[in-house]
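The values are calculated or read from the model by the stated rules, or taken from the named source; none is laboratory data. Bear in mind that the values here come from a model prediction, so they are computed numbers and not experimental data. Note that each Cβ is placed from the backbone with ideal geometry, even for glycine, and that neighbours are counted across all protein chains shown. Heads up: the accessible areas ignore ligands, DNA and RNA and are worked out on the full protein's heavy atoms, side chains in. Shrake-Rupley method; radii C 1.70, N 1.55, O 1.52, S 1.80 Å.
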Amino acid sequence: MPRAKGGSIPPPRVNIEPNHGGPISILNENDVLSGRGGRINSHPGNVHFRTIIDGFKREYLDPRTKKIEKARIAARVVSYIRSLDPPGRFLKEDSHTNNWLEIGDERAWKK
């Protein structure tokens, strides 16, 4: 297994690529929607996502937390959302079709 710079644990591995699963027309309660506004903020998946993030905020913002560990925290949150039943997805709206598209793990880690 390749090591990250400095011989530490490697960064998280991408499991879900952008557009995985094709266009999505029906959302579930665990989906996390990218965007702004009341419709996005009040979606149940986004509300739950913010609650989860609050639990990690102290560790993530600690000045002693290294960049690679921050990436691992983000990956843990994304993995948790994806493990829910039904599985949560990280989606963005396609304004041309009004469908939703998966943004993939790398963009989800930065959300």
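Per residue, the accessible area of the chain comes to 68 Å² when a 1.4 Å probe rolls over the protein heavy atoms. Note: relative contact order over the chain, using C-alpha pairs below 8 Å and six or more positions apart, is 39 percent.
Just read off the accessible area of H20 with the full protein assembly in place, 1.4 Å probe, to the nearest 10 Å². My reading of the accessible area for H20 is about 110 Å². In the chain, the calculated helix contribution to ellipticity at 222 nm averages -12000 deg cm²/dmol per residue, counting -39,500 (n - 2.57) for every DSSP H run with n ≥ 4.
Assuming charge only on the beta carbon of Lys and Arg (+1) and of Asp and Glu (-1), the dipole of the chain about its Cα centre is about 700 debye to the nearest 20.
Taking the chain as a Gaussian network of alpha-carbon nodes connected by springs under 10 Å, the highest mean-square fluctuation of the residues L33, L61, L91 belongs to L61. Computing semi-axes √(5λ) of the Cα gyration tensor in Å for the structure here picks out one of (i) 27, 17, 11; (ii) 23, 15, 11; (iii) 29, 23, 13, namely (i). Computed from phi, the 3J(HN,Hα) profile of region 24-33 under the Karplus parametrisation 6.51, -1.76, 1.60 (θ = phi - 60°) reads 10, 9, 10, 8, 10, 5, 9, 5, 10, 9 Hz, with x in place of Gly and Pro. The C-alpha atoms of the chain define a longest principal axis, and helix 67-82 lies at about 40 degrees to it.
Comparing N41, N98, N19 in a Gaussian network model of the chain (Cα springs below 10 Å), the most mobile by mean-square fluctuation is N98. Annotation: amide H of V32 within the under-5 Å range of R89, F90, L91, sequence separation 5 or more or interchain, hydrogens built in the peptide plane. In region 53-111, a dipole from Cβ-located charges (positive for Lys and Arg, negative for Asp and Glu) runs towards its positive end, and of G104, I81, G55 it is G55 whose Cα lies farthest in that direction.
Split the accessible area of region 11-97 by element, probe 1.4 Å, and carbon with sulfur accounts for 54%.
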